[in-house]
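> This is the structure, below, for whatever I ask next.
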Amino acid sequence: MDLNFTPEEEAFRAEVRQFLKDNLPEELTTKVRNGLEFTKEDIEQWHAILQSRNWLAATWPVEHGGPGWNATQRHIFDEERSLANAPTVVPFGVGMLGPVLLKFGTEEQKATILPRILDGTDWWCQGYSEPGAGSDLASLKTRAIRDGDDYIINGQKTWTTLGQHADKIFCLVRTSTEGKPQEGISFILVDIDTPGIEMRPIRLLEGGYEVNEVFFTDVRVPASNMVGEENQGWTIAKYLLTHERTGIAGVGYSTQALIELRALAKKLKRRGKPLAEDPIFMSRVAEIEIDLEAMRITNLRMLSDGGAMGTVSSMLKIKGTVIRQAINDLARRALGPAACPFPSEEVLGNLAVAPPEAANNAASYFNNRKLSIFGGSNEIQRNIITKELFMG
């Protein structure tokens, strides 16, 4: 297999670089580089910039407003976006619900919902996890009972990322208790303004507000909001999570993070010498670099086969999150006391580390511990791989 990019693909890379150079606002780049929190307005601005070129919905076909990119073009764009310190696209509408509707939705759902995702009219969040159903998602208990032309929903969702900005939520709900737990789950769309919905913030360790818990009390939702058939939700959920897990691998993100780690090693000194001259530290950097290159090749092999599905997406999710955490952990070791969440000016001055670099590492280190958990924990992904390889 030839892993080299074609001249046409390299031309596309140059086009992406030029677009980012011409259109990426410096204030957004600064926030990415320094690990600062994005406002809703920041995210909407970046989405609008991408949509002005029809580049927002990277996986969508042209007929539905996407760029019609193949898997290799999507890889190139993600890599260049990361190297340029551009924000990621919030995935819930564009990267999760969109592909689900394209495959399982009715023509009316596609015609109504997809354009509103692209133009920013609707902001979606994900209602999957529950207090007793995280990685074991099939044990979810939120119920949806049919009542004429509606479903009545009761239950609770948790870890709802950016739900405070959303006006819509797509949910997995239990519509049957017969048979295996997976067989009684459905996928339904809900307007957050519907009476009976309450969203409460969950404050994170560093004080940030990214996730929420959502309560449903006799929430009445039109039956036409069901995506696919009743009790088909588990099939839809697995399809959606395949897209999510592949994105979590973050080849572009790790490439950029490794560049920054090497730059940090040149700046910091241990025993009077740059950390970049420390053989033990640099051997750890080299190990990560080897793992990252192996994952990049695996990713390119996957792309040559048309995209990640099944066990391949699980493998990419495991390895990608382990690498991202390893880079972050090594940066924390390099910073030493400056990696504390609130390092003193004296500490920062002694280590000659700019406050944004320290703040970036402290916040991202704690936040990135979740990478191996969400999207289906790495332990669950190993189970998926084992069952596929040894049980058929």
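> May I ask you to list pairs of residues, at least six apart or on different chains, whose Cβ atoms are under 7 Å apart, with the first in the stretch 136-161 being over 23 Å from Gly179 (Cα atoms) and the second being basic (Lys, Arg) and open to solvent by 50 Å² or more (accessible area, probe 1.4 Å)?
Qualifying pairs under 7 Å: Asp150/Arg220.
> Also, I was wondering about something else. Of everything in the stretch 84-130, what is free of Cβ contacts under 8 Å to residues at least 40 places away in the same chain, part of a strand (DSSP E or B) and of a type outside the set (Asp, Glu)? Give them in sequence order.
Residues satisfying the conditions do not exist here.
> Could you check the stretch 178-288 for strands (runs of 3 or more DSSP E) lying wholly inside it with 1 or more residues that are on the phi > 0 side of the Ramachandran plot?
Ranges flagged: 209-222.
> Keeping to the stretch 203-227, report how many residues are closer than 20 Å to Gly132 by Cβ and surrounded by 14 or more Cβ atoms within 10 Å (Cβ to Cβ).
Total meeting the criteria: 7.
> Return the total of residues in the stretch 63-110 being under 17 Å from Trp123 (Cβ atoms) and open to solvent by 30 Å² or more (accessible area, probe 1.4 Å).
Residues flagged as under 17 Å from Trp123 (Cβ atoms) and open to solvent by 30 Å² or more (accessible area, probe 1.4 Å) within the stretch 63-110 amount to 3.
> So Glu230 ticks every box in (1) over 30 Å from Thr142 (Cα atoms); (2) surrounded by fewer than 20 Cβ atoms within 10 Å (Cβ to Cβ); (3) not hydrophobic (A, V, I, L, M, F, W, C) but one. Which box is left unticked?
Status for Glu230: all satisfied but (1).
> Moving on. What are the residues in the stretch 235-261 that are among the small types (Gly, Ala, Ser) and either modelled with pLDDT under 70 or in the same structural domain as Ala276 (by TED's automatic domain parsing) (or both), if any?
Selection gives Gly247, Ala249, Gly250, Gly252, Ser254, Ala257.
> Go through (1) over 17 Å from the mean Cα position of the chain (by Cα); (2) within 23 Å of Thr161 (Cβ to Cβ); (3) polar (S, T, N, Q) and name the single condition Asn23 misses.
(2)
The values are calculated or read from the model by the stated rules, or taken from the named source; none is laboratory data. Note that the coordinates shown come from a computational prediction; the quantities given were computed from them, not determined experimentally. For neighbour counting, all protein chains shown are included, and Cβ atoms are generated from backbone atoms with ideal geometry for every residue, glycine included. Just the protein is used for accessible areas: all its heavy atoms, side chains included, with ligands, DNA and RNA removed. Shrake-Rupley method; radii C 1.70, N 1.55, O 1.52, S 1.80 Å.
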